[in-house]
Amino acid sequence: MHRITITVDDELVVALDHVIAVSGYQNRSEAIRDLTRLGIAQLQGQGNDRRSGVAALVYVYDHQERELAKRLTRSFHEHHDLSVATMHVHLDHDSCMEIAVLRGAMPELRHFARHLVSERGVRHGRLVTVPVEFENQKHPHSAEPGRRHLHVHVRETG
């Protein structure tokens with residue numbers, strides 16, 4: 001085992017101590033090890049895999065930021081193949097939240113999300129992905145028997 005020293009701000013220490021109390025950790029080291037493992041596993045799950053998926057991109061932004069709404073709209077139009085739907089919520093006089101449902105290759109979804117969240121004026125953002133398989137199948141429930149359409153299958157997770 002290696003001993004390391006880190007510096008964190010007061011707010012982060014309070015949040016960490018809250019996690020420790022709620023989760024029943026014996027000390028900060030145990031909690032930090034587990035949180036580090038979770039973070040590493042999450043980042044490793046974001047590799048350059050070729051899997052497809054669906055995602056929810058949630059972000060909060062300052063709608064007063066100059067040209068931000070136009071930049072966001074332009075980004076969605078430039079990536080129309082990934083965008084399925086967006087819901088817009090007014091949080092207060094200055095802040096809006098949008099939830100975008102996305103579909104496509106995982107690397108493209110992550111790249112698009114990073115681009116959007118890094119726009120000046122976007123305050124917070126998080127992408128939640130679910131791996132799925134896309135395939136064309138014939139379905140008898142169609143109004144036109146034998147008509148092909150895109151069908152999504154959610155992968156089973158261990």
Length released on extending from residue 114 to residue 22, taking residue separation times 0.36 nm less the Cα-Cα span: 30.0 nm
In region 91-128, the trypsin sites (Lys or Arg not before Pro) that sit in a DSSP loop and have at most 11 other Cβ atoms within 10 Å of their own Cβ are 120
Counting Lys and Arg as +1 and Asp and Glu as -1, what is the net charge of the other residues whose Cβ lies under 10 Å from the Cβ of residue 122? -1
Candidate residues 75, 29, 52: accessible-area rank, largest first, probe 1.4 Å: 29, 52, 75
Can you bin region 12-124 into rounded, prolate or oblate? Criterion: square roots of the alpha carbon gyration tensor eigenvalues sorted a ≥ b ≥ c, rounded for a/c under 1.5, prolate for a/b above b/c, oblate for the rest. oblate
Mean Cβ neighbour count within 10 Å, used as a protection proxy, ranking 63-71, 9-17 highest first: 63-71, 9-17
What percent do you get for the relative contact order of region 1-128 when only Cα pairs under 8 Å and 6+ apart count? 29 percent
Per-residue SASA entry for residue 89, accessible area with 1.4 Å probe, Å² rounded to 10: 50 Å²
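The values are calculated or read from the model by the stated rules, or taken from the named source; none is laboratory data. Given the structure is predicted, the values throughout are model-derived calculations rather than measurements. Don't worry about glycine lacking a Cβ; one is built from the backbone with ideal geometry, like all the others, and counts go over all protein chains shown. Ligands, DNA and RNA are excluded from the accessible area calculation, which covers all protein heavy atoms including side chains. Shrake-Rupley method; radii C 1.70, N 1.55, O 1.52, S 1.80 Å.
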